[in-house]
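Read the structure below first, then the notes.
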Amino acid sequence: DAVKHFEKCLSLQPDFAEALNYLGYMWAERGENLERARQLIQRALKAGPDNAAFLDSMGWVLFKLKQPKEALEFMLRPVKAEEPVDATVLDHLGDVYAALDQPAEARAAWARSIAREPNEAVKKKLEAAPAK
């Protein structure tokens, strides 16, 4: 139902950045319609190029598209600019670092995520990550 509502919203207001981002992120989270998700999030970023949620969404869709190097650029921008950093952004950053075989950076990001907001799934990733 959410997809129908977001698409209806976008049919009424095609440049509504929050709807563009939420639909794109929802698809990225589910691993569906990834190219369309990227296009929607790109449009949201045109309206809000420094919006932390939009940057995270773009990083996440690129990660899901198996482009972690490209994702890292987007993931680092809200981490550097926003304080306090959202726990989900830090979790995503950890996943990107893990995909890039940078376990120390992944562990640091996940530890910050847990410190911000306790989460069992993130805790399990942290505990399973190599300590090198």
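Outside any helix (DSSP H, G or I), over 26 Å from Pro130 (Cα atoms) and either open to solvent by less than 40 Å² (accessible area, probe 1.4 Å) or out of contact with any Cys (no Cβ under 9 Å at 6 or more places or on another chain) (or both): does that describe Asp101?
Criteria not met by Asp101.
Of everything in the range 114-132, what is loosely packed, with under 14 Cβ neighbours inside 10 Å, more than 17 Å from the chain's Cα centre (by Cα) and in a helix (DSSP H, G or I)? Give them in sequence order.
Ala115, Glu120, Lys124, Glu127, Ala128
State which residue pairs qualify: first residue modelled with pLDDT of 95 or more and among the acidic types (Asp, Glu) and inside the range 83-109, second residue outside any loop (DSSP other than H, G, I, E, B) and crowded, with 20+ Cβ neighbours inside 10 Å in any location, beta carbons under 6 Å apart, and separation of 6 or more residues or different chains.
Asp91/Ser113; Asp91/Val122; Glu105/Tyr97
Does the range 93-132 hold any residues that are over 22 Å from Lys69 (Cα atoms) and of a type outside the set (A, V, I, L, M), and which are they?
Hits for the range 93-132 are Arg116, Glu117, Pro118, Asn119, Glu120, Lys123, Lys124, Glu127.
Looking at (1) surrounded by 13 or more Cβ atoms within 10 Å (Cβ to Cβ); (2) under 16 Å from the mean Cα position of the chain (by Cα), find the lone condition where Pro49 falls short.
(1)
Just give me the residues in the range 104-113 being open to solvent by less than 90 Å² (accessible area, probe 1.4 Å) and within 17 Å of Asp56 (Cβ to Cβ), in sequence order.
Passing the criteria: Glu105, Ala106, Ala109, Trp110, Ser113.
Scan the range 1-37 for residues that are surrounded by fewer than 20 Cβ atoms within 10 Å (Cβ to Cβ) and either touching a Gly at 6+ places or on another chain (Cβ under 8 Å) or at pLDDT below 85 (or both) and report the count.
Residues flagged as surrounded by fewer than 20 Cβ atoms within 10 Å (Cβ to Cβ) and either touching a Gly at 6+ places or on another chain (Cβ under 8 Å) or at pLDDT below 85 (or both) within the range 1-37 amount to 17.
The values are calculated or read from the model by the stated rules, or taken from the named source; none is laboratory data. A quick note: this is a predicted structure, and the numbers were derived from the prediction, not measured. Reconstructed Cβ throughout: ideal geometry from the backbone, glycine too, with neighbour counts over all protein chains shown. Each accessible area value is taken on the protein alone, full model and side chains, heavy atoms only, with ligands, DNA and RNA left out. Shrake-Rupley method; radii C 1.70, N 1.55, O 1.52, S 1.80 Å.
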